[in-house]
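This report refers to the structure that appears directly beneath it.
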Amino acid sequence: MKNKWIINQAVTVVLVSLIFLSFQSTTFKGLSTGNKSIDNNEIFAEQLSSQIINNEASGDSSFNYYEHSSIELYNSLGFKKWNKLNYDVFEKAYKGYLIMKSEGMISNSRYLTVMDFELSSAQRRMWVLDLVKHKIVVHDLVSHGRNSGEEYARSFSNQAESFKSSLGFYVTGTDYIGKNDFSLRLHGVEEGFNDNAFDRGIVMHGADYVNSRYIRSNKRLGRSQGCPAVSEKINKWVINIIEGGSCLFIYYPDKNYLKKSELINSNYPVKDFYQNM
């Protein structure tokens with residue numbers, strides 16, 4: 001009887017262990033593919049980083065230089081002090097940035113500006129990332145076009161007089177004094193999505209409707225004619241940082257954009273590119 005009890009206990013332990021390992025494997029597989037059910041970006045990033053490092057140490061041919069670079073940078077930026085930029089959005093922005101850098105499209109490669117228009121305009125949804133010092137230098141409000149939506153931007157256009165925001169990657173140009181005072185020219189680089197931005201006069205500028213006072217009165221931020229307008233308090237400072245050929249990314253999970261964007265769907269830079277960084 002005693003031996004039978006020991007055998008039964010051993011079988012139970014083995015079964016429980018197999019179930020646990022199966023669950024752990026399934027969970028980690030989901031993590032490594034960016035499973036949307038994972039809300040804690042930090043845990044996701046740390047576990048994926050560990051997986052990549054282990055793959056590298058073991059000589060696993062599946063080691064992904066881009067994924068490794070993306071995870072390491074994301075972990076180093078210190079989002080604990082700020083509203084956290086969703087890793088999925090950051091990853092897309094960083095990929096586009098690297099592709100543009102590898103193709104010589106950006107000359108100010110120190111900064112990457114990300115605007116997440118999936119978020120409410122009442123939230124700080126703009127991040128300017130310093131990729132040299134690995135820190136967040138700006139995290140603030142940014143407006144969308146008046147015809148893109150009220151509190152939330154839900155409709156986008158590349159057409160003149162649409163008064164809508166345009167999605168995708170931009171290269172910042174030069175500053176100038178215009179009808180909105182100190183402004184920054186933006187050059188859209190994605191055909192069909194934002195390549196008319198310059199001709200439309202889509203620029204970054206300061207606006208008196210981009211502040212917490214306006215939000216308290218209207219339950220949302222004020223809206224532009226399609227420009228990513230920022231607070232007048234930080235306008236000149238932000239423009240002076242990111243002008244002159246840096247990468248700027250305006251994101252929304254639009255199915256058509258995510259399917260057709262050449263930068264979002266391009267191949268990763270070759271291995272040598274990361275080793276030379």
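The values are calculated or read from the model by the stated rules, or taken from the named source; none is laboratory data. Here the structure is a predicted model, which is why all the values come from computation and not from measurement. Note that we place each Cβ from the backbone using ideal geometry, even for glycine, and neighbour counts take in every protein chain shown.
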Filtered residues of segment 212-259 (kept if of a type in the set (Lys, Arg) and in contact with a His (Cβ under 9 Å, 6 or more places away or on another chain))
223
Restricting to segment 61-75, and then to whatever is among the small types (Gly, Ala, Ser) and in contact with a Phe, Trp or Tyr (Cβ under 7 Å, 6 or more places away or on another chain), can you tell me which residue is modelled with the lowest pLDDT?
69
Among the residues of segment 202-223, count how many are closer than 26 Å to residue 175 by Cα and basic (Lys, Arg).
1
Could you tell me whether segment 94-104 includes any residue that is touching a residue at least 40 places away in the same chain (Cβ under 8 Å), part of a strand (DSSP E or B), under 25 Å from residue 174 (Cβ atoms) and not aliphatic (A, V, I, L, M)?
no
Return the residue satisfying two criteria in turn: it lies in segment 227-237 and is among the hydrophobic types (A, V, I, L, M, F, W, C) and touching an Asp or Glu at 6+ places or on another chain (Cβ under 8 Å), and of such residues it is farthest from residue 121 (Cα to Cα).
234
Tell me the residue from 102, 121, 148 that is surrounded by fewer than 19 Cβ atoms within 10 Å (Cβ to Cβ) and of a type outside the set (A, V, I, L, M), please.
102
Filter result for the condition that a residue is among the hydroxyl-bearing types (Ser, Thr, Tyr), under 18 Å from residue 98 (Cα atoms) and touching a strand residue (DSSP E or B) at 6+ places or on another chain (Cβ under 6 Å), over 251, 268
251
Identify, from the list 210, 142, the residue that is in a loop (DSSP other than H, G, I, E, B), more than 17 Å from the chain's Cα centre (by Cα) and of a type in the set (Val, Ile, Thr).
210
Please work out which one of (1) over 13 Å from residue 242 (Cβ atoms); (2) assigned to a loop (DSSP other than H, G, I, E, B); (3) of a type outside the set (Phe, Trp, Tyr); (4) touching a helix residue (DSSP H, G or I) at 6+ places or on another chain (Cβ under 6 Å) is the condition residue 119 fails and give its number.
(4)
Just one listed residue, out of 215, 239, 234, is in contact (Cβ under 8 Å) with a residue 12 or more places away in the chain, out of contact with any Leu (no Cβ under 8 Å at 6 or more places or on another chain) and of a type in the set (Val, Ile, Thr), and it is 234
Please determine whether any residue of segment 236-251 is among the aromatic types (Phe, Trp, Tyr), in contact with a Phe, Trp or Tyr (Cβ under 9 Å, 6 or more places away or on another chain), within 21 Å of residue 91 (Cβ to Cβ) and assigned to a loop (DSSP other than H, G, I, E, B).
no
State yes or no: is residue 92 surrounded by 20 or more Cβ atoms within 10 Å (Cβ to Cβ) and basic (Lys, Arg)?
yes
Determine whether segment 208-226 contains at least one residue that is farther than 22 Å from residue 123 by Cα, modelled with pLDDT of 95 or more and surrounded by fewer than 17 Cβ atoms within 10 Å (Cβ to Cβ).
no
